[in-house]
Amino acid sequence: MQYAIELFFDKETEQELFDLARLVADRKLSTKYLEWKTRPHVTLACFEDVDEDRCKTLLSEFALSHKQPPAHIGSVGIFTDTKVIFASPIMNDSMFRLQRELHGNLSEFDSSKYVWYHPDRWVPHCGLALMSEDSDEAFFQACDLILRRFKKLNGTFESVGLVRISFPVKEIYTAELRPNDD
């Protein structure tokens with residue numbers, strides 16, 4: 001079974017990003033993102049298998065010791081090999097440290113198959129369209145549509161969650177990060 005630790009946005013930022021993903025589906029270019037029934041997120045780590053109860057405990061402790069980092073979404077990008085269109089958060093020190101420390105805290109779980117989510121290789125991104133099964137023309141139309149509609153966003157990453165990567169995605173546990181006002 002595959003698992004991921006995801007970083008979730010504040011509700012307003014989440015809605016703005018979801019609206020972009022829904023626009024692609026509404027235009028009948030691709031529905032795959034919506035079919036996964038996931039919410040907008042940035043994946044921090046992936047694992048082949050975890051002890052769910054142990055991971056929940058570690059994730060809860062991790063969330064209590066970390067404040068909510070800013071989520072500045074500054075651009076749109078694509079992974080051409082998988083035809084994924086994504087919103088790209090601007091990397092900052094708090095995101096970098098959060099991801100690195102999470103990997104350290106969860107090192108007992110096997111992440112060896114997911115090197116693209118390891119510190120120093122990680123490309124933080126929030127998927128908007130998953131188009132590997134769609135035509136190239138639909139992919140290019142979706143890229144154009146998102147590029148024309150995208151606006152920079154300033155929000156917050158509010159929580160981290162453990163999800164099971166299944167179809168659809170199953171959110172197992174979510175822990176709120178500490179608010180910045182304490």
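Coordinate-derived values only; no laboratory data. Bear in mind that the values here come from a model prediction, so they are computed numbers and not experimental data. No Cβ is skipped: glycine too gets one built from the backbone with ideal geometry, and neighbour counts run over all protein chains shown.
Worth pointing out:
- Residues PHE109, PHE9, arranged from fewest to most other Cβ atoms within 10 angstrom of their Cβ, appear as PHE109, PHE9.
- In the chain, helices alone account for a calculated mean residue ellipticity at 222 nm of -10000 deg cm²/dmol, with every DSSP H run of four or more residues adding -39,500 (n - 2.57).
- Trypsin sites (Lys or Arg not before Pro) within the range 13-67, DSSP loop, no more than 12 other Cβ atoms inside 10 Å: ARG27, LYS28, LYS37
- 21 Å Cα-Cα threshold exceeded, pairs from LYS67/LYS152; LYS56/LYS170; LYS11/LYS83; LYS28/LYS83; LYS113/LYS152; LYS11/LYS170: LYS67/LYS152; LYS11/LYS83; LYS113/LYS152
- Three-way shape call for the range 79-129 based on the alpha-carbon gyration tensor, with the a/c threshold at 1.5: oblate
- Helix 11-26 axis, angle to the chain major axis (alpha carbon atoms, nearest 10°): 40
- Just so you know, the Cα atoms of the chain work out to an Rg and Dmax of 16.0, 49 Å.
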